[in-house]
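Report on the structure given below.
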Amino acid sequence: MSGFAPAGDGVQRTFRPWERRLLQDLCGDLTVLLGAADQAPGDRALLRLLPTAYPEDREAAREFSSFARPRLTRVKVESAEAMLEDLGSPDPVRLPPERVALWLRGLTDLRLVLAERSAVDPDPALREISDWLGWLLSDLLDVLDGSEQDLAEPSSE
């Protein structure tokens with residue numbers, strides 16, 4: 001199984017066609033889910049991605065949510081869209097340092113959604129996909145750890 005590898009000051013990976021399609025589908029679904037967050041306030045996956053800051057204080061939670069939730073949602077959508085954009089390029093997919101943090105965030109968000117979906121529907125396929133995403137995330141972190149990449153946060157402005 002091939003994985004991420006250092007490439008200049010970034011990383012690269014060659015994706016199998018099924019890996020590319022799966023990640024594209026998952027990222028597309030994530031952007032749709034986040035875009036409909038206001039219409040599905042009880043969705044467990046959304047509650048995991050966009051948690052309530054003060055569950056014991058409704059007014060403080062509402063105030064914090066009105067301030068922080070739009071930015072948090074935007075950052076998560078940007079990560080998924082960056083992954084989609086990168087996956088649209090030919091192999092190997094090259095990630096410069098400023099894109100790596102987006103992939104780390106996006107892969108983590110995908111795993112959180114699958115964890116919540118698996119809690120409701122213990123489908124073995126969801127578990128396998130979640131495990132694969134975990135391996136992908138771990139592989140990326142291992143390469144970064146080995147090459148001591150700069151994980152500066154990407155600019156969100």
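The values are calculated or read from the model by the stated rules, or taken from the named source; none is laboratory data. Owing to the predicted nature of the structure, the values given are computational and were not obtained by experimental measurement. Methodologically, a virtual Cβ is constructed for each residue, glycine included, from the backbone with ideal geometry; neighbour enumeration extends over all protein chains shown.
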- For residues that are buried (at least 17 other Cβ atoms within 10 Å of the Cβ) and polar (S, T, N, Q), scanning just region 66-103, find the one that is modelled with the lowest pLDDT. Thr73
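Looking for whichever is over 25 Å from Ser138 (Cβ atoms), among the hydrophobic types (A, V, I, L, M, F, W, C) and in contact (Cβ under 8 Å) with a residue 12 or more places away in the chain here; the options are Leu33, Leu84, Leu72, Leu46. Which one fits?
Values: Leu33 fails: over 25 Å from Ser138 (Cβ atoms); Leu84 fails: over 25 Å from Ser138 (Cβ atoms); Leu72 fails: over 25 Å from Ser138 (Cβ atoms).
Result of the check over Leu33, Leu84, Leu72, Leu46: Leu46.
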- Taking region 131-157 as the search range and keeping residues that are of a type in the set (Ser, Thr, Tyr) and closer than 24 Å to Val113 by Cα, which one is modelled with the highest pLDDT? Ser138
- Message: Pairs please, first residue from region 112-133 and touching a residue at least 12 places away in the same chain (Cβ under 8 Å) and closer than 20 Å to Thr31 by Cβ, second anywhere and of a type in the set (S, T, N, Q) and part of a helix (DSSP H, G or I), Cβ atoms under 8 Å, 6+ apart in sequence or on different chains.
- Response: Leu114/Ser130; Ala115/Ser130; Leu126/Ser118; Ser130/Ser118
- Checked region 5-24 for anything surrounded by fewer than 15 Cβ atoms within 10 Å (Cβ to Cβ) and part of a helix (DSSP H, G or I); matches are Pro17, Trp18, Arg21
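Pick from region 25-50 the residues that are exposed (fewer than 12 other Cβ atoms within 10 Å of the Cβ) and under 19 Å from the mean Cα position of the chain (by Cα): which of them is modelled with the highest pLDDT?
Step one: list which residues in region 25-50 are exposed (fewer than 12 other Cβ atoms within 10 Å of the Cβ), which gives 25, 32, 35-36, 38-39, 41-42.
Filter again for under 19 Å from the mean Cα position of the chain (by Cα), leaving 25, 32, 35-36.
Working: Asp25: 98, Val32: 94, Gly35: 91, Ala36: 87.
Ranking the qualifying residues of region 25-50, first place goes to Asp25.
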